[in-house]
Amino acid sequence: MEKLIEKAREIVEEIDKKIRSDDKNKFGEFIGMGADGTPTNYIDKIAEDIALKIIGKEGNILSEECGFIDNGCEYTFVIDPIDGTRNAIAGIPFYGVSVAIGKEKLKDVSYGIVKNIPTGEIFEAIAGKGAFLNKKIIRVKKRNKPFLCLVLGESGNEKTWRISNKHHVRAMGAAALEMCLVACGAAQAYFMGKKSLRVTDFAAASLIVEEAGGIVRDEDGEELDLPLDLKVRSGVIAGCDEEILKVLI
């Protein structure tokens, strides 16, 4: 497992180097349609190509652009090559890369890493060993009302607006990074009220939040345990405690 973790870290660092050095004017160029049915931009493709090269045949691969690649291995790398593609294309400094290692479903994930490329912050978690920001242990923080809640940019619905009348709501546009902000105590909740996220969006961040002492559920507050499959979508609530979960639902 340690060898696979080192590969995940290498993927993150090599993507970071490439994105920082590449021509940012090309980030938004349309390349084609990804396996998840959404458009693939230049930035997504160059990031995913790096991951595929590093993994080779040493693990199965699930990624938004290439879909599932079965290399006959026990473990699968669950990759979001660029978390927050629209932010990156627009020049908003809040986007990153997310890599998780699991077997068949979300609850099998035993390692996760998320890096905020513009800031260099690295969030990591190993199942049963805690969550870390730049190698320092992190925990969720419980604060008095009103709490700060993050939402994905296009998740606006009646629930979101009701929450915003009582609490501080921010739409940041990068699900994995937003969930990691809950893990380190910068926010108390992340809420995606629509069934629109894929497991690649939150596989690594879910483990990071839970290892930091938080909770992760679906949009109705039920257990979140998707198969490692791009066809299945879900909403997500990540919070610091059960009280916030009840408020959001």
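Just so you know, in the range 61-95 the residues that are in a loop (DSSP other than H, G, I, E, B) and among the hydroxyl-bearing types (Ser, Thr, Tyr) include one that is nearest to the chain's Cα centre (by Cα), and it is Tyr95.
Within the set Met192, Met179, the sole residue that is modelled with pLDDT under 95 and either of a type outside the set (D, E, K, R) or not assigned by TED's automatic domain parsing to the domain that holds Ala131 (or both) turns out to be Met192.
Only residues that are farther than 15 Å from Ile215 by Cα and surrounded by fewer than 18 Cβ atoms within 10 Å (Cβ to Cβ) were counted in the range 127-147, giving 9.
The values are calculated or read from the model by the stated rules, or taken from the named source; none is laboratory data. Bear in mind the structure is a predicted one, so any value in this text is a computation, not a measurement. Every residue, glycine among them, receives a Cβ derived from its backbone with ideal geometry; neighbour counts consider all protein chains shown.
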